[in-house]
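Participant: Okay, handing you the structure first.
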């Protein structure tokens, strides 16, 4: 049984800021979410403003007018002083990180008919529609599955 989700939020990411310039969706999914964020224990640094959401909220990551990843939010840690141009970091359950076939505006409207458009603001979505969103995802990957597959391959190589 799935636990109740207090909130579903969209976190917009700009392809115009340092660290994301020139990167396509597949690169951000693979190297940012499946590698970097997972490798830092679910921590995602932000440059200016953080997120005011209850723990357990699902965050959908928007990049180039598509939803490309999701994770379960734990907390927002604002730094006392900026650290390498970052004002703070969001903490996510590392094992909850998922990437999937990117969803465009039409796909989002199939789940949330009142969804207007992608933009540069953090949006709220009705959490009651989240189960329908999950059912529509294709090619879902998680860093945990990737790590288990790598570990399995290493054991096979050692046994040879």
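Each value in this text was obtained by applying a stated rule to the coordinates, not by laboratory testing. The structure presented is a predicted model; accordingly, all values stated were derived computationally and were not measured. Methodologically, a virtual Cβ is constructed for each residue, glycine included, from the backbone with ideal geometry; neighbour enumeration extends over all protein chains shown.
Participant: For residue 3 and residue 64, FRET efficiency with R0 = 45 Å and r from the beta-carbon atoms, rounded to 0.05?
Facilitator: Result of the calculation: an efficiency of 0.90.
Participant: Something else: Pop the C-beta distance of residue 122 and residue 24 into the FRET formula with R0 = 25 Å and round what comes out to the nearest 0.05.
Facilitator: According to the calculation, E is roughly 0.60.
Participant: Under the definition of Cα pairs under 8 Å and six or more residues apart, what whole-number percent is the relative contact order of the chain?
Facilitator: 27 percent
Participant: Express the relative contact order of the range 37-125 as a whole percentage, based on alpha carbon pairs under 8 Å and six or more residues apart in sequence.
Facilitator: It comes to 31 percent, rounded to a whole number.
Participant: Another question about this same structure. Hey, for a label at residue 78 modelled as a point 7 Å past Cα toward Cβ, could you say which residues of the range 31-57 have their backbone N under 18 Å away?
Facilitator: Residues 44-55 qualify, since their backbone N sits under 18 Å from the label point.
Participant: Right, here's the next one. Looking at the range 8-159, what % of its DSSP beta bridges pair antiparallel, to the nearest 5?
Facilitator: Here the antiparallel bridges make up roughly 80 percent for the range 8-159.
Participant: Here's another thing I want to ask about it. Please sort 28-40, 3-15 by packing, taking for each peptide the average over its residues of neighbouring beta carbons within 10 angstrom, highest first.
Facilitator: 28-40, 3-15
Participant: With N set to the number of residues, divide the alpha-carbon radius of gyration of the chain by 2.2 N^0.38 Å and report two decimals.
Facilitator: 1.08
Participant: 222 nm [θ] for the chain, helices only, -39500 (n - 2.57) per DSSP H run of 4+, per residue, to 500?
Facilitator: Counting only the DSSP helices, I get -5500 deg cm²/dmol.
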